[in-house]
Amino acid sequence: MTGAERPAATQAGAKSSQLRRFIVLMLFITVVIDYVDRSSLSIAAPHIVEELGLSSVQMGFVFSAFAWAYSPFQIPGSFLVDKIAPRVLYPIVIGVWSLFTCLQGTTSTVWQLVFYRLGVGASEVLSYPMNNRIITSWLPERERATAVGVYISGQYVCLSLLAPVLVWLQVAFGWRFMFYVTGGIGVVWALGFWLLYRDPLKSRANAAELDLIREGGGRLEWKSAARNGEPRENDEVPVRCFLRSRKLWGLVIAHMGETCANWFFLTWFPIYLVKYRHIEFIKIGFMATLPFAAAWCGVLLSGYLSDKLIKRGHSLTFARKAPIITGLLLATTIIGANYVDSPTMIVVFMTIAFFGSGLAAISWSVVSSIAPINRVGITGGIFNFVGTSMGIMVPILIGYLVFGGNFAPALMFVGGMALLSIFSWIVIMGKIERITLSC
């Protein structure tokens, strides 16, 4: 019996299958690979700076090259997310960004490195909008924050658990070999994703699980808005209407503040420890692990608590905002690292701040809650476009802020952006509910 032939009604007493848990695991693995390929440059940066003789400003441009491609292609690229099935599109995306990761190991000039980073950024454009489409298809509303927390935690796991491995690869075989290994793993996973993934109605999920997803607000069928209780007019709403939504702007401004700390940790953090805090390079494999491990705990805890609050009867607005705002308050403690000299205390402040950043990282669950039903992909694209524009600004701005040898202004900037995010969540965003569009 195919997915299309399965009965809509669940037989009494039938137990739901748990295939959606496996789908979340697949997304987690994909995000781990995504962020290893995205952030391995920061681990290699001290060696690259030394070998290629780059200044802090040049390295800032290299770090930002990823976002120069990643950010502007979000909106046009995300149209594909609404049109092409994940099983077809996602393996292609994973394979392409993995090949560009491998090519970084062949670079001999700064401009080659910039070009390959542009390639990684352009090909990873669809990753998070695609994750959001899959979560919207497979998960009921009350489980989405936990699921988002699980797969987003992959970005922290990759550096909390794998940073020492990446450092070891560099020490043992050189930084070029590290890129060959990380990119090669991604190519293999692209094939694995194609073999394993199916949309809900084409999968082995039983009728009970499909009913659970459908009744909880999951989007089993992607082509028909009417079958999901939404007006067909939403199919025709032009993109310009999104720019009139206060909720959308509240969400993307908040995301700008949230991602600022992420971009610092994914780009400048190892150099900060080595060059500006004079910690030996071989030691940062462990030192850099702690903040990412804390962020991993934070994002898992945030998703769990948020969904738990919903199950206990709290509003969606309170359940999503409470852990996010709490996390942003903790993220401001990064400024405290300016006032200590002990390596231990520096890492303590960084760990608290990145734990808070992890708590705030479930904002992707809000995208599917406010997006018009047939505009999930493009809403995610707009959200990520504005948020990831920080990936262009933050590495370059930090490069200029620290040009005189003082890193304190850079950490003040990161903490201040967390405060901006809190303001947007409280004042601009308002109630979390699906956007009603009118032009």
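Between L201 and T317, the modelled label-to-label distance comes to 3.5 nm, taking each label 7 Å out from Cα in the direction of the beta carbon. Considering only E209, E221, E258, the mean-square fluctuation computed in a Gaussian network model of the chain, springs between alpha carbons under 10 angstrom, is largest for E221. Just the protein heavy atoms count here, and of the accessible area of the chain at 1.4 Å, carbon and sulfur take up 67 percent.
If the elastic network links every pair of Cα atoms under 10 Å, which of L401, L266, L330 fluctuates the most in the Gaussian network model of the chain? Evaluated over the chain, the most mobile residue of the options is L401.
Calculate, in nm to one decimal, what Y339 and R21 gain on full extension: separation in residues at 0.36 nm each, minus their alpha carbon distance.
Values: separation 318, 0.36 × 318 = 114.48 nm, distance 4.41 nm.
Result for the pair: 110.1 nm of gain on full extension.
Identify which of S203, S357, S368 has the largest mean-square fluctuation in a Gaussian network model of the chain, with springs joining Cα atoms closer than 10 Å. Answer for the Gaussian network model of the chain: S203.
Calculate for the chain the 222 nm mean residue ellipticity that helices alone would give, adding -39,500 (n - 2.57) per DSSP H run of length 4 or more and normalising by residue count, nearest 500 deg cm²/dmol. Could you put the intermediate results ahead of the total?
Details: 19 runs with 296 residues, N = 439.
Calculated at 222 nm, the ellipticity per residue is -22000 deg cm²/dmol.
Spin-label pair K431-W194: with each label point 7 Å from Cα along the Cα-Cβ axis, the two points sit 4.7 nm from one another. The alpha carbon centroids of the range 245-271 and the range 34-98 are separated by 16 Å.
Label reach from I29 (point 7 Å along Cα→C-beta): in the range 170-211, amide nitrogens under 18 Å belong to 182-200, 203-205. Model label sites at A208 and S108, defined 7 Å from Cα along the beta-carbon direction, differ in position by 6.3 nm.
The values are calculated or read from the model by the stated rules, or taken from the named source; none is laboratory data. Computed from a predicted model, the values in this text were never measured in an experiment. Glycine gets a Cβ as well: all are built from the backbone with ideal geometry, and neighbour counts include every protein chain shown. Quick note on the areas: whole protein, heavy atoms, side chains included, nothing else; ligands and nucleic acids left out. Shrake-Rupley method; radii C 1.70, N 1.55, O 1.52, S 1.80 Å.
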